[in-house]
Amino acid sequence: MGFLIGILSAFFIAAITFKIWYKSIGGRCVSKKRLDGKVAIVTGSNTGIGKETARDLARRGAKVILACRDLQRANAARDDIIKTTGNKKVEVILLDLGSLDSVRNFVKKFLGSEKRLDILVNNAAAVGLENKISKDGMQQELQVNHFGPFLLTLLLLDLMKKSAPGRVVVVSSRSHLRGYVDLSDVNCEKKYPGFLKLYEIAKFYNVIFSNELSRRLQGTGIICNSVHPGAVNTEVGRQLPAILYSLVKLASWFLVKTPEEGAQTLIHAAVSETVEGTAGKYFVDCKEAEMNKDAVNKDLARKFWEKCVKLVKVSQQEVKCIKI
Ligand SMILES: NC(=O)c1ccc[n+]([C@@H]2O[C@H](COP(=O)([O-])OP(=O)(O)OC[C@H]3O[C@@H](n4cnc5c(N)ncnc54)[C@H](OP(=O)(O)O)[C@@H]3O)[C@@H](O)[C@H]2O)c1
């Protein structure tokens with residue numbers, strides 16, 4: 001019995017020590033930059049890291065659009081952000097990234113009501129969705145995590161350029177290091193790689209897209225970077241099999257940041273003066289970090305981009321400020 005208590009105590013102390021250490025290296029955005037008069041969009045901001053990012057941008061004075069698919073949850077998040085920041089310029093616009101029509105409707109509504117866009121945070125994501133081709137012909141998890149945000153970003157660029165300088169932040173994950181792109185099967189239709197590998201592939205797509213976009217944006221005044229928020233205790237993975245999700249939640253208590261801590265690297269990439277002039281980089285814990293080597297392969301990135309343009313059916317007439 002004494003031996004068992006000893007083992008449990010040692011495990012508990014090790015876990016607490018790890019937690020303190022992990023929090024200490026987590027990084028915080030130290031910029032005090034105000035965003036009065038600026039407009040920001042944060043996707044998937046009804047909960048988790050996106051909500052805390054939106055709250056911070058609102059606290060800095062920006063008008064913040066919560067781009068979410070569940071209006072009830074999004075309205076509750078809006079009310080909470082207004083209450084805690086005192087900034088009433090927080091609005092919700094419906095966006096389901098799993099539907100290209102919804103992306104286009106969002107953009108139409110946004111462009112119909114706003115005269116500028118300074119910050120776009122592509123935060124929303126889902127993991128563990130079933131192997132299903134959407135009505136737009138895409139592997140649905142890839143559509144939510146990459147193809148939908150790809151179309152969204154392109155359709156907003158012209159307004160961003162008019163409002164420049166501007167920033168695009170693409171939220172990826174360290175798991176992109178295990179991802180890849182197969183140019184003969186970008187949509188992962190020919191060979192379904194399993195739900196966890198699919199997430200890694202989507203997060204790789206985020207980084208290679210951010211790199212290629214940053215090259216195409218040169219000279220526009222808009223910069224784009226990708227980030228890993230860290231391991232964060234959120235609802236991510238709630239679509240996973242129940243047993244797996246329970247294990248993730250259990251591990252979460254020991255291993256991870258709070259959503260407010262997880263938001264720091266997104267905020268850093270979106271506002272920090274130290275990021276000015278930095279594009280096509282990947283940030284972890286508010287610092288530049290090494291990315292997957294294939295994500296810096298320019299030839300691969302260009303070919304991947306061209307496949308994405310075809311898949312989402314976006315035309316050059318719709319995006320004037322860069323060559324697509
Ligand atoms: N948590 C981590 O440890 C971790 C680690 C590395 C990277 N990340 C990345 O961090 C970002 C935020 O994740 P999180 O941890 O905050 O997850 P979360 O709590 O699950 O939040 C994800 C957000 O994305 C939204 N979303 C999902 N599907 C959508 C769709 N079809 N259309 C529009 N919005 C959709 C969700 O809306 P609903 O509430 O309606 O589902 C929710 O608002 C993601 O890009 C994730 O990959 C997280």
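Looking only at segment 223-282, residues that are touching a Cys at 6+ places or on another chain (Cβ under 6 Å) and within 9 Å of the ligand (Cβ to nearest atom) come to 0 in all.
The sole residue among LYS132, LYS83 that is within 24 Å of LYS197 (Cβ to Cβ), basic (Lys, Arg) and surrounded by fewer than 20 Cβ atoms within 10 Å (Cβ to Cβ) is LYS132. Considering only residues that are among the hydroxyl-bearing types (Ser, Thr, Tyr) and touching a helix residue (DSSP H, G or I) at 6+ places or on another chain (Cβ under 7 Å), look in segment 24-46 and name the one that is farthest from the ligand (Cβ to nearest atom). In this case the residue turns out to be SER31.
Look at segment 10-29: where a residue is within 25 Å of THR53 (Cβ to Cβ) and a partner is of a type outside the set (A, V, I, L, M, F, W, C) and assigned to a helix (DSSP H, G or I), sitting 6+ places away or on another chain with Cβ atoms under 6 Å, you get GLY26/GLU261; GLY27/GLN264; ARG28/GLN264; CYS29/GLN264; CYS29/HIS268.
Taking the numbered list (1) more than 30 Å from LYS320 (Cβ to Cβ); (2) modelled with pLDDT of 95 or more; (3) surrounded by 17 or more Cβ atoms within 10 Å (Cβ to Cβ) in turn, GLU288 passes all entries but (3). All of SER163, SER175, SER210, SER184 fail the test of being within 18 Å of ASN292 (Cα to Cα), out of contact with any helix residue (DSSP H, G or I) (no Cβ under 8 Å at 6 or more places or on another chain) and either at pLDDT 95 or above or within 12 Å of the ligand (Cβ to nearest atom) (or both), apart from SER210.
In segment 147-186, which residues are more than 22 Å from LEU300 (Cβ to Cβ), in a strand (DSSP E or B) and touching a residue at least 60 places away in the same chain (Cβ under 8 Å)? Residues satisfying the conditions are ARG167, VAL169. Of note, SER9 does not satisfy the criterion of being surrounded by fewer than 13 Cβ atoms within 10 Å (Cβ to Cβ), of a type outside the set (Val, Ile, Thr), more than 14 Å from the ligand (Cβ to nearest atom) and within 21 Å of CYS286 (Cβ to Cβ).
Residues of segment 61-74 being away from the ligand (no atom under 12 Å from the Cβ) and either more than 20 Å from the chain's Cα centre (by Cα) or over 23 Å from LEU157 (Cα atoms) (or both), which ones?
Taking segment 61-74 and keeping what is away from the ligand (no atom under 12 Å from the Cβ), we get 61-65.
Within segment 61-74, GLY61 is the sole residue that qualifies.
Yes/no matrix, rows are residues, columns are (1) farther than 25 Å from ALA77 by Cβ; (2) at pLDDT 95 or above; (3) surrounded by 19 or more Cβ atoms within 10 Å (Cβ to Cβ); (4) touching a strand residue (DSSP E or B) at 6+ places or on another chain (Cβ under 7 Å):
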| residue | (1), (2), (3), (4) |
| --- | --- |
| VAL232 | no, no, yes, yes |
| LEU247 | yes, no, no, no |
| ALA251 | yes, no, no, no |
| ALA263 | no, yes, yes, no |
| HIS268 | no, yes, yes, yes |
| GLU276 | yes, yes, no, no |
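Might you check whether a residue that is out of contact with any Asp or Glu (no Cβ under 7 Å at 6 or more places or on another chain), under 25 Å from VAL236 (Cα atoms) and not β-branched (Val, Ile, Thr) occurs anywhere in segment 30-41? Let's see the steps before the verdict.
Keep residues of segment 30-41 that are out of contact with any Asp or Glu (no Cβ under 7 Å at 6 or more places or on another chain), which gives 30, 32, 34-37, 41.
Then drop every residue that is not under 25 Å from VAL236 (Cα atoms), which leaves 41.
This time we only want the ones that are not β-branched (Val, Ile, Thr), so: none.
No, segment 30-41 contains no residue that is out of contact with any Asp or Glu (no Cβ under 7 Å at 6 or more places or on another chain), under 25 Å from VAL236 (Cα atoms) and not β-branched (Val, Ile, Thr).
Restricted to segment 94-140, and to residues there that are over 19 Å from the mean Cα position of the chain (by Cα) and among the hydroxyl-bearing types (Ser, Thr, Tyr), the residue that is nearest to the ligand (Cβ to nearest atom) is SER134. Pairing each residue of segment 65-89 that is closer than 16 Å to SER102 by Cβ with any residue that is among the basic types (Lys, Arg), provided the two are 6+ apart or on different chains, yields C-beta distances under 6 Å for LEU66/ARG78.
The values are calculated or read from the model by the stated rules, or taken from the named source; none is laboratory data. What you see is a predicted model, and the numbers here were worked out from it, not measured in a lab. Note that we place each Cβ from the backbone using ideal geometry, even for glycine, and neighbour counts take in every protein chain shown.
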